[in-house]
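*Asks:* After the structure tokens below, expect a handful of questions from me.
The values are calculated or read from the model by the stated rules, or taken from the named source; none is laboratory data. Treat the numbers as computed from the prediction; the structure is a model and nothing was measured. All Cβ positions, even for glycine, are placed from backbone atoms using ideal geometry, and neighbour counts span all protein chains on display.
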Amino acid sequence: MLRRDLGMLAARLAAGEAEFLTLLAELDHRGGWAEAGIVSCAHWLSLHCAMTTGTAREHVRIARALTHLPLIRAAFAAGRLSYFKVRALTRTATPTDEADLLGVALCATANQLDRFVAGVRTAETLTDINLRHQRRSLTWRTDTDGSILISLRCSPEDGATILEAIHHTHDHLTTTSANSRVDSRNGADGGGADRCAADSGGTGSVGGGGSGASDDQASAEPHPGVRVATRAQAPGKAGRLAASRLDALVLLCAEATLPGKEPGTWKQALGSRRSETILHVTLDDLATAVQPRTRTPNAQARDTPGTFPRERPILPRGSEATGLTRRATRRTAFPRERRAHHERAARAG
């Protein structure tokens, strides 16, 4: 008896809410809310019906939407739909799909209808998919230090394919690197035991009262000429992970077989372009080349900052010009090279 009374009361409340929204839509249409100091219908509703601004705006939105949805408005007035179901339906319902959504709302709970409407709102039409496909792009640019910055935009399906290949290759590189470290550690431990046995006369024992520093202490001290990165300079875990993913992408591209190309052909061409240097010279030019200058210890410091000599060319084997070299040419240095040059000059001076 009590459950029936609550159900009937909920239906009457829904019918009353439907009547309230119908009157609100008429008030908004006629502009009856326009008074001194009132800026909108939601403002008037918040002032005269004791609603918050957000709730008043939601009521106005639902009232305006119901004017174009006669089937949902009729079910709401009959008490078959609650206010919460109508609120969800008016977010996505149109006169064309009103009947289908109403059938779903009559069979589902309010929570199920909310999830269903959320899925419908995020669904894409064929036109949206085609527009997204047309916006796909792959661009790159060269930074001041020579790094390549790549920007990619693709569909979720293509992106999933690319990411799956990168993740698979990254896992392979991680496993291979871990196995290599284990093998090298085992080899180092075995070699150290053999050396200790040889030093102790073949007994395999190690003396414990020596005055020398331990291997850990010796390895902890860096070489004077080696620059050790501090904790602040060392890349974090996220940076190392991003770098290893890039290594995986490079490996994928290096091992790929291009359509219409023999396996390995384009990789050989790529490797030759990376290190290719073309020098046009004759034996007469080499025979008349200037003798190399004798450089003083401070010659490097006296060089003009920002320029560095190129490497000397390799002379052909068996030629009469053996021992002769060309005068070193100069080029404009990168900013990073100029900074390194100034640091070396300051240390030498």
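*Asks:* Out of segment 117-162, which residues are closer than 30 Å to residue 106 by Cα and of a type in the set (S, T, N, Q)?
*Replies:* 122, 125
*Asks:* If residue 61 meets every condition in (1) charged (D, E, K, R); (2) out of contact with any helix residue (DSSP H, G or I) (no Cβ under 8 Å at 6 or more places or on another chain); (3) without any contact (Cβ under 8 Å) to a residue 12 or more places away in the chain apart from one, which number is that one?
*Replies:* Answer for residue 61: the failing condition is (3).
*Asks:* Inspect all residues belonging to segment 39-47 and state whether any of them is of a type in the set (Ser, Thr, Tyr), surrounded by 12 or more Cβ atoms within 10 Å (Cβ to Cβ) and farther than 22 Å from residue 111 by Cα.
*Replies:* Residues of segment 39-47 that are of a type in the set (Ser, Thr, Tyr), as a first pass: 40, 46.
Checking which are surrounded by 12 or more Cβ atoms within 10 Å (Cβ to Cβ) leaves us with 40, 46.
Pick out the ones that are also farther than 22 Å from residue 111 by Cα and you get 40, 46.
Yes, segment 39-47 contains at least one residue that is of a type in the set (Ser, Thr, Tyr), surrounded by 12 or more Cβ atoms within 10 Å (Cβ to Cβ) and farther than 22 Å from residue 111 by Cα.
*Asks:* Confirm whether residue 141 is loosely packed, with under 12 Cβ neighbours inside 10 Å, not assigned by TED's automatic domain parsing to the domain that holds residue 7 and not in a loop (DSSP other than H, G, I, E, B). First the steps, then the outcome.
*Replies:* Values: loosely packed, with under 12 Cβ neighbours inside 10 Å: yes; not assigned by TED's automatic domain parsing to the domain that holds residue 7: yes; not in a loop (DSSP other than H, G, I, E, B): yes.
Spelling it out, residue 141 is indeed loosely packed, with under 12 Cβ neighbours inside 10 Å, not assigned by TED's automatic domain parsing to the domain that holds residue 7 and not in a loop (DSSP other than H, G, I, E, B).
*Asks:* So which residues in segment 43-62 are small (Gly, Ala, Ser) and either farther than 10 Å from residue 24 by Cβ or in contact with a Pro (Cβ under 9 Å, 6 or more places away or on another chain) (or both), if there are any at all?
*Replies:* Residues satisfying the conditions are 46, 50, 54.
*Asks:* While we're looking at this one, here's another question. Within segment 144-161, is there a residue that is in contact (Cβ under 8 Å) with a residue 12 or more places away in the chain, of a type in the set (A, V, I, L, M), over 30 Å from residue 14 (Cβ atoms) and out of contact with any Cys (no Cβ under 8 Å at 6 or more places or on another chain)?
*Replies:* Looking for residues that are in contact (Cβ under 8 Å) with a residue 12 or more places away in the chain, of a type in the set (A, V, I, L, M), over 30 Å from residue 14 (Cβ atoms) and out of contact with any Cys (no Cβ under 8 Å at 6 or more places or on another chain), one finds at least one in segment 144-161, hence yes.
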